[in-house]
Amino acid sequence: MVSLFESQWLGGTVQLKNRIVMPPMTRTRTSDGDVPNALIATYYGQRATAGLIVAEVADVAPSSKGYAKTPGLYTDAQIQGWRLVTDEVHRKGGTIFSQIWHVGRMAHPSLMPNGEAPWGVTEQPAENSDVFAHDAEGKLGYMRAGKPRRLETEEVSALVDTFAQAFANARLAGFDGVELHAANGYLLEQFMNSALNTRTDRYGGRSVEDRTRLLMEVVDAAVRELGPGRVGVRLSPFGYFNSMPEDPLAEETLLYVSKQLGRRGVAYIHLLYELMPTGNMETAEFEKHHIDHAVLAKVRAAFPGTIIWCGGFTSREQAEDALGTGLVDMIAFGRPYIGNPDLAERLRHGWPLAVADRSSYYTRRGEVGFTDFPVYSGDSAVQGAA
Ligand code: PHB
C-alpha cells in the first residue's frame, strides 16, 4: 500500500517529508497594504508538518486584486511580511511555496488602481460570479465582477515581466518555490479556455499553442528565476467556477499543457477536482467531481513530474485509496487544515479531526478561528474551536 507518510521529491530538487499538502486558502488576515504579518506566520508555522504548504494566493500586481485583504507579492513591505512567514515555517522544518495569480476579469473597479476596469482576455464579463469588493459607500461585500477591458497584445506580454518580478520577490521572501494559479477562472485559465478566448492575436483562441502561450511564457519566467524543480502549476480542468464557459477542447488543452510542463521539467501539477458552482466563496457549495481516471492516466503519461490531487479529501483512507491508483503522488487537504494544525499527526495516528466554523474562514477577527485551534492531546482537546 502507498503511504501518505513516505517522503516525496519535487523535481529532484526539493525533498518533502510526506505526501500531505496544505493547499492555498484565502484567510483575509493581512495587515494594511495587503501585507502578511506575525499572526499569519504563526498560522503557517503551526501547520509546518505538512509535506508541502502552498500559501494563500498572492496578487502579482495591484491590477490583480479581485478580493480585498488577499496578500500581495509586489511591495517591499509584502516581501518582508512573507519573510516572517517563510522563516517561521522553515524554523519548524516545513516547506512552503507561494501561489501567485492575476485574477483577470474576476475583479471590480473599486479594487483596481484608479478605479479602472478589470483586465480581460476579452470584454466578456463573469456574469454570474462575485468578487469581494467595495460598494458605493465603501463597504466591503460580495458583488458581481466588473465588465473587463480587453488587454492589448503588448499588455499581455508585459504581464510576463510582472510575473517574473513576483518570482524574484518570492525568492527574496524566502519561499521554497512558486505555484502558478492557472485554475478556477482566473487570468491564466481565461486565456486557456477556447470558448472564452476568442482573441485573434498570438495569445488568441485559435490554436492550443496560442491559448496556452501566456501560461508557458510565465512558466518559462518562473523556471528562469527559480529552476524547474521549484515551480508548480495549478489546473482545474473541466471546472466552471467564476462563470467559465464549458470548453469543448478542455481535455486537449489539459494534455497539451501537461506535456509542455513535463518538457520544461516543472516539479508538479496540482489538479483541483472539486467544482464550485457560480456565486461566491462564502456561499458556494462545493460539488465533488469524481475524477475521470482515464483522463488522469493520460495526464500521468504526458507529465513525468509529481501530481497533487485536491478535491474534498477528509480522511487518510480516502487519500491512500487515491494514492493507490498510482495516478497521483500527493494529496491536498484544504478545509481540514483550517481546524487541525497538526493534521499530519492526526492522520498518522487516526486521531479525530476538529471541524472549523465556516464563519471564521474569511473574517477580520484575527486569531479567532485562525491560530487558536489546539493540537491533539487526548480526548479533551478534540473539540478544537468547532
Ligand atoms: C480560488 O482559487 O478560486 C480563489 C482563491 C482565492 C480567493 C478566492 C477564490 O480569495
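The values are calculated or read from the model by the stated rules, or taken from the named source; none is laboratory data. Here the structure is a predicted model, which is why all the values come from computation and not from measurement. Every residue, glycine among them, receives a Cβ derived from its backbone with ideal geometry; neighbour counts consider all protein chains shown.
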| said: Can you tell me which residue is surrounded by the fewest Cβ atoms within 10 Å (Cβ to Cβ) among those in the range 361-370 that are out of contact with any Phe, Trp or Tyr (no Cβ under 7 Å at 6 or more places or on another chain) and closer than 14 Å to Pro336 by Cα? | reply: Tyr361
| query | Considering Arg211, Arg150, which residue is in contact with a Gly (Cβ under 6 Å, 6 or more places away or on another chain), modelled with pLDDT of 95 or more and buried (at least 24 other Cβ atoms within 10 Å of the Cβ)? | reply | Arg211
| Complete set of residues in the range 2-60 that are at positive phi and of a type outside the set (Ser, Thr, Tyr) | Gly11, Gly12, Gly33, Asp34
| Scan of the range 254-275 for residues that are surrounded by 21 or more Cβ atoms within 10 Å (Cβ to Cβ) and touching a residue at least 60 places away in the same chain (Cβ under 8 Å), ordered by number | Val257, Val266, Ala267, Tyr268, His270, Leu272
| said: Among the residues that make up the range 158-171, is at least one of them in contact (Cβ under 8 Å) with a residue 12 or more places away in the chain and either assigned to a loop (DSSP other than H, G, I, E, B) or within 14 Å of the ligand (Cβ to nearest atom) (or both)? | reply: no
| task | Quickly run through the range 239-294 and pick out the residues that are aromatic (Phe, Trp, Tyr) and over 19 Å from Gly104 (Cα atoms). | result | Tyr256, Tyr268, Tyr273, Phe286
| Among (1) of a type outside the set (S, T, N, Q); (2) within 16 Å of the ligand (Cβ to nearest atom); (3) over 17 Å from Trp82 (Cβ atoms), which single condition is Glu179 missing? | (3)
| query | From the list Glu246, Glu251, which one is surrounded by fewer than 19 Cβ atoms within 10 Å (Cβ to Cβ) and closer than 16 Å to Phe303 by Cα? | reply | Glu251
| said: For the range 319-346, which positions are part of a helix (DSSP H, G or I) and under 23 Å from the mean Cα position of the chain (by Cα)? | reply: Ala319, Glu320, Ala322, Leu323, Arg335, Pro336, Tyr337, Ile338, Gly339, Leu343, Ala344
| request: Please name all residue pairs, on different chains or six or more residues apart, with Cβ atoms under 7 Å, provided the first residue is in the range 9-35 and is closer than 18 Å to Leu323 by Cβ and modelled with pLDDT under 95 and the second residue is within 16 Å of the ligand (Cβ to nearest atom) and in a strand (DSSP E or B). | output: none
